[in-house]
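Visitor: Mind looking over this structure? Questions follow.
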Amino acid sequence: MIQLHYLLASIFPKWQLAVILGLFFAVAQAGQAQTETVLYSFGGPSGDGFDPNGVILGKKGILYGTTYQGGTYGQGTVFKVAPSGVETVLYSFGGQPGDGTSPTAGVTLDKAGNLYGTTWSGGSCDGGTVFKLTPGGVETVLYSFGCVYGDGYNPYAGVILDKAGNLYGTTNSSYGTVFKVTPAGSETVLYNFADHPGVGYWPDGGVVLDSAGNLYGTTSVDSIYGCGTVFRLAPAGTLTVLHTFDEDLGDGDGCNPMAGVLRGKNGVFYGTTLYGGAYGIGKPPGGTVYKVTRKGAETLLYSFGGQSGDGTWLESGLVLDKTGNLYGTTWRGGAYGYGTVYRLTPTGAETVLYTFSGQLDGGNPLAGVILDKSGNLFGTTQKGGTYGGGTVYKVTP
C-alpha cells in the first residue's frame, strides 16, 4: 500500500490524491466492524501542532489535547477540536521565559474549564513543568522541575486532580518520583524511587487515586527481573509493590508497563505491558492486558500477537465501559503494521475494532482512547492524516 501511495503521488495533485486514497482505504477496510472518521489532521495550517498525545472529552463534545511539536514556537501546543472537526490552538509553548516545552501527555479538565498538564522539558531549570491553562488561553507554570535536588524532572505522564484541586503525577528521569502540586504551585515529593532500590524505577505512566488517598501506578523497570512493577503508595509515604512482572517465568507474564493502571470496581486495577505475554517472550513486541487486585493477585487477561492481524506494542492504558469491556490501542501491528483499536471482553476475548493504514486515516496511536455516552471512541495517532502530522479520530460502535 505504501508503494501505491507514492505511485499515485507522482501522478495526481495533492487534493486529488487525498480524495482517491480516502476512497481506497474506505473500500479496503470496509470489512471492519467499526467505522473510523478522521476529525482533524495536524500539520496543515501555519502554527498548527503535530504529533498529538491523546484527547479528553469536555462539555458539548469538545475534545482537548496536546501536541508534542509544532505551534507558533515549534515546542508543542494545547488544542481543542469541536465535534464538527474545527480545531483551535489554545496555547503554543515556548513563547515566554521559563515556559514549558514539548508535552508528552494529555491534559486534565476541572469543573471551571481549566486545563492542567505537564511538559517534558522547559521551565525555569529545563526539567519540565506542571502547567494550568484557563478557558481564555492564559497559561501559568505552576511548578518547574529540576531546580531543587531530588524533586525529579522530565514528567512523561500527565496529572490527576483530587477534590481539593491538588495535582498528582510522576517524573521518570533519575529513577523517578511521585509528586503532589497544590493549586498554589507548592510541590512535594511523595516518593523518590532513587532512595528505595529494589522497588522499581522509571514510572512512565501516571497515577490513579482511591477513596482512601492511596495512589496506584507502575514502574516500567525493576531491579529483580527488569520488567517493571505495579505499586500502591499510601498517604503516609509507604510504597507497596503489588506485582513484579517477569516474562521469563514461562507463564506468559507481561513486561515493561509503560502506562499506568485503570481503577475498576471492587479493588481491581487494569493495565497493559509493552512486551511479554504468551507470544512475546524474549522476542518483542508482543504485549499484554492484565488485572491486579488490591492485594496483589495478578491475572493475565490477554496476550497480543497470537493471531493474524492482531496488534502489538502497547504504550497506552485502558478505558472501561459499563458492561466491563476494556478498550485500548496498540502502537504497532494490525493488518498494515500501523496499530489498532481493540476491545477486550471481561472473559478475555479480543476484537480488533479498527486497523490503521498509516495513510489518511492515521497511524501509530501512541495514546489510548476515551469513551462517550454513546459508546464512540476518540483518540489520536502520531502519524498519517492529510498532512502527515497525526490525527484526531473517532471510531463508532
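The values are calculated or read from the model by the stated rules, or taken from the named source; none is laboratory data. Here the structure is a predicted model, which is why all the values come from computation and not from measurement. As a convention, Cβ positions derive from the backbone with ideal geometry for all residues, glycine included, and neighbour counts pool all protein chains shown.
Visitor: Kindly check whether there is at least one residue in the range 142-160 that is at pLDDT 95 or above, surrounded by fewer than 18 Cβ atoms within 10 Å (Cβ to Cβ) and within 23 Å of the chain's Cα centre (by Cα).
Guide: Yes: the range 142-160 contains one or more residues that are at pLDDT 95 or above, surrounded by fewer than 18 Cβ atoms within 10 Å (Cβ to Cβ) and within 23 Å of the chain's Cα centre (by Cα).
Visitor: While we're on this one: May I ask you to verify whether LEU39 is at pLDDT 95 or above, within 29 Å of PRO203 (Cα to Cα), among the aliphatic types (A, V, I, L, M) and surrounded by fewer than 22 Cβ atoms within 10 Å (Cβ to Cβ)?
Guide: no
Visitor: Taking the range 274-321, which residues are outside any loop (DSSP other than H, G, I, E, B) and touching a helix residue (DSSP H, G or I) at 6+ places or on another chain (Cβ under 6 Å)?
Guide: Across the range 274-321, the qualifying residue is only GLY276.
Visitor: Go through the range 125-139 residue by residue and tally those that are over 21 Å from TYR68 (Cβ atoms) and of a type outside the set (Gly, Ala, Ser).
Guide: Number of matching residues: 3.
Visitor: Taking the conditions exactly as written (in a strand (DSSP E or B) and either farther than 28 Å from PHE231 by Cα or over 20 Å from the mean Cα position of the chain (by Cα) (or both)), does VAL392 satisfy them or not?
Guide: Answer is yes for this residue.
Visitor: Another question, then. Tell me which of these GLY390 doesn't satisfy, since it passes every other one: (1) touching a residue at least 24 places away in the same chain (Cβ under 8 Å); (2) surrounded by fewer than 19 Cβ atoms within 10 Å (Cβ to Cβ); (3) more than 30 Å from ASN266 (Cβ to Cβ).
Guide: (2)
Visitor: So, SER223, is that one in contact with a helix residue (DSSP H, G or I) (Cβ under 7 Å, 6 or more places away or on another chain) and modelled with pLDDT under 95 or not?
Guide: Considered against the rule, which asks whether it is in contact with a helix residue (DSSP H, G or I) (Cβ under 7 Å, 6 or more places away or on another chain) and modelled with pLDDT under 95, SER223 comes out as no.
Visitor: May I pose another question? With respect to GLY324, is the statement that it is more than 26 Å from ARG263 (Cβ to Cβ) and part of a loop (DSSP other than H, G, I, E, B) true?
Guide: So GLY324 does not fit the description; no.
Visitor: Pick from THR272, THR238, THR182, THR188: which is at pLDDT 95 or above and within 20 Å of the chain's Cα centre (by Cα)?
Guide: Residue meeting the stated conditions: THR272.
Visitor: In addition: Which of the residues spanning the range 327-355 are part of a loop (DSSP other than H, G, I, E, B) and either free of Cβ contacts under 8 Å to residues at least 12 places away in the same chain or over 14 Å from THR380 (Cα atoms) (or both)?
Guide: Result: GLY334, ALA335, TYR336, GLY337, THR345, PRO346, THR347, GLY348, ALA349.
Visitor: So, one more: Residue by residue through the range 139-195, note down the ones that are in a loop (DSSP other than H, G, I, E, B), under 17 Å from ASP99 (Cα atoms) and either touching a Gly at 6+ places or on another chain (Cβ under 9 Å) or of a type in the set (Lys, Arg) (or both).
Guide: PHE145, GLY146, CYS147, TYR153, ASN154, PRO155, TYR156, GLY158
Visitor: Follow-up. Please find, within the range 196-233, the residue that is nearest to THR272 (Cα to Cα) out of those that are part of a loop (DSSP other than H, G, I, E, B), of a type in the set (A, V, I, L, M) and touching a Gly at 6+ places or on another chain (Cβ under 8 Å).
Guide: By that ranking, first place goes to VAL207.
Visitor: So in the range 234-269, with the set limited to residues that are of a type in the set (S, T, N, Q) and outside any strand (DSSP E or B), which one is nearest to GLU315 (Cα to Cα)?
Guide: Checked the range 234-269; the qualifying residue nearest to GLU315 (Cα to Cα) is ASN256.
Visitor: Pick from ASP372, ASP361: which is buried (at least 22 other Cβ atoms within 10 Å of the Cβ) and in contact with a Phe, Trp or Tyr (Cβ under 8 Å, 6 or more places away or on another chain)?
Guide: Result of the check over ASP372, ASP361: ASP361.
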